Amino acid sequence: MNTRILDNIISLFYPRLCAACGNALQQHEQEICLPCMLHLPETNYHLDHDNPLREIFAGRVKVEEVAALMFYKKGNRVQHILHHLKYNGKKEIGAYLGEYYGKKLKEEARFQDIDGIIPIPLHPKKLRKRGYNQSEWIANGLACGMGREVWTDVLVRTQFTDTQTRKSRFSRWENVKDVFCVQHPEKIEGKHLLVCDDVLTTGATMEAAIQQLESVNGVRVSVVTLATAHN
Ligand SMILES: [Zn+2]
């Protein structure tokens, strides 16, 4: 039996579903169906140096470029995508959308001198529970689309933080300020780094990471995420 027929039979019993709308995927579709890809609420912030995401870091930490692929809203397709990526084991979505975004970033002059991509590390406890770091999967996708390397041995977690959902920005900052440290600083000296994560909200986690990275001589940092609520 050829593999295509076998695939069809398997998909009769275990249809692969679109992470955004839940409809069955066609054979040629990966992770997200074509209609959903065509209607992704993209920000296009990577085309605009002075986009609203810059305000998140203003007066806090220096960033070269900051961008996010999609707008996140309660109940929209992006929320479904992120949920599958983080809580349903669908790590491949991170790689898929990361590559999709990486190809777009590669076309933009302001992202072309990126030397390496750094995912926000997950604490070992969470990593054990989830089995993977979604940011690392996004980073791998970005790297593939941009033709760059992922560096996972530079930025590391030092302590566990409790869930941050219901805390003010200040206490959130108190919570995250010491959680990262840099290993192998010589590897990133003078480099332009692209730090990536799944969502950009208050920027507190990202700020803590950037502060550590920029303590290394000559490091410049740009930030991209798959989603943001800021518009
Ligand atoms: Zn869909």
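Readers should treat all values here as calculations from the given coordinates under stated rules, not as data from a laboratory. Just so it is clear, the structure is predicted and the values come from calculations on it, not from any experiment. With ideal geometry, Cβ positions are generated from the backbone for all residues, glycine too; neighbour counts draw on all protein chains shown.
Across the chain, the longest piece that holds none of the GluC sites (Glu not before Pro) lying in DSSP loops with up to 12 other C-beta atoms within 10 Å covers 1-106. Calculated FRET efficiency, Arg4 to Leu38, Cβ-Cβ distance, R0 = 45 Å: about 0.95 to the nearest 0.05. Measuring from centroid to centroid over Cα atoms, what is the spacing of the stretch 1-75 and the stretch 101-133 in Å? So the separation of the two Cα centres works out to 15 Å. The long axis of helix 134-146 is offset from the longest Cα principal axis of the chain by roughly 90 degrees. Once you've got the GNM for the chain with C-alpha springs shorter than 10 Å, pick whichever of Lys103, Lys73, Lys125 has the biggest mean-square fluctuation. Comparing Lys103, Lys73, Lys125 in a Gaussian network model of the chain, the most mobile one is Lys125.
Stretching the chain fully between Lys187 and Lys129 yields a gain of 17.9 nm (0.36 nm per residue, less the alpha carbon separation). Checking the cross-link pairs Lys90/Lys191; Lys91/Lys129; Lys103/Lys191 against a 24 Å limit on the alpha carbon distance flags Lys90/Lys191 as lying beyond it. Here the stretch 41-228 is assigned +1 on the Cβ of each Lys and Arg and -1 on the Cβ of each Asp and Glu. Its dipole about the Cα centre then comes out at about 980 debye. Working from Cα positions, state the angle (0 to 90°, nearest 10) between the long axis of helix 204-213 and the longest principal axis of the chain. Orientation of helix 204-213: about 60 degrees from the principal axis.
For the stretch 5-67, the residue among Met37, Ala67, Leu6 whose Cα projects farthest onto the positive side of the dipole built from Cβ charges is Leu6. Straightening the chain between Lys103 and His83 buys 4.8 nm, computed as 0.36 nm per residue apart minus the Cα-Cα spacing. Label sites at Arg110 and Gln26, each approximated as a point 7 angstrom past Cα along Cα to Cβ, lie 3.5 nm apart.
In the chain, the longest principal axis of the Cα atoms and the axis of helix 77-87 are about 80 degrees apart. With the simple spin-label model, which puts each label point 7 Å out from Cα in the Cβ direction, the Asn231 to Thr202 separation comes to 2.4 nm.
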